[in-house]
Every structure is written in C-alpha cells, then in structure tokens.
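Remarks on the structure that follows.
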Amino acid sequence: MNVSHVKPYLGPLPGQPVSQPGPVQVSEERDEEYEVDYIVASHIYGRQLQYLVHWKGYEEHEHTWEPASNLDFDSLFKPVPENLTICDAQFCSLESCS
C-alpha cells in the first residue's frame, strides 16, 4: 500500500458500533485477563469442551469460543453464605427444609 493513500483516523462512521471495554487486568505472568460477563453457549469441539463467552464491556458480535481450561469458574460463581438459614419450601429441595 502506498502511504499517499493512508488517511488519518477521524473516529467511527455514523451508525458504526463502538466497543469501549474496561481496563484489562494483567496477571503476574504478564497474560492479559478479561472479565467474563456471562456464558452464552457451550459445545464440544475436537473432544474439548468450549464456551461461547460474552466479555464484560464488549458487544455481542465480539463473543469468542474459549476452551474450558482458559476460564476461571471460581471467579464466576459466588459461594453461598454460611449463615443462610431461611429456606422457602416452595423453592427448596434440601431435606432440612421439608
């Protein structure tokens, strides 16, 4: 490409979607870490479980298929508080709530 054909970037075109993701965390190993907003779907590809991930701060068209090994599920789920003692029988399936 000839440099004379290059024009400065003036911003997005009218109606063009623009993603503004949040800051990217970097682990001690210098790997970039993105925050999972939610899991859209899953499938088996080449004998490997993969998840279609919606990344926090990104648009739907930016979903990516990720191997389960790439995701830290401990950070996706909050533990149940130990002091949780009230159980509505309508929603409870625990024997102690019968």
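The values are calculated or read from the model by the stated rules, or taken from the named source; none is laboratory data. Since this is a predicted model, take the numbers as computed values, not measurements. For neighbour counting, all protein chains shown are included, and Cβ atoms are generated from backbone atoms with ideal geometry for every residue, glycine included. Just the protein is used for accessible areas: all its heavy atoms, side chains included, with ligands, DNA and RNA removed. Shrake-Rupley method; radii C 1.70, N 1.55, O 1.52, S 1.80 Å.
Figures for the structure shown
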| item | result |
| --- | --- |
| Longest to shortest principal axis, alpha-carbon extents of the stretch 32-76, angstrom | 30, 24, 17 |
| Probe 1.4 Å - accessible area at ILE39, Å² to nearest ten | 60 |
| Backbone N within the stretch 55-69 under 15 Å of label point (7 Å from GLU35 Cα along the Cβ vector) | 55-59 |
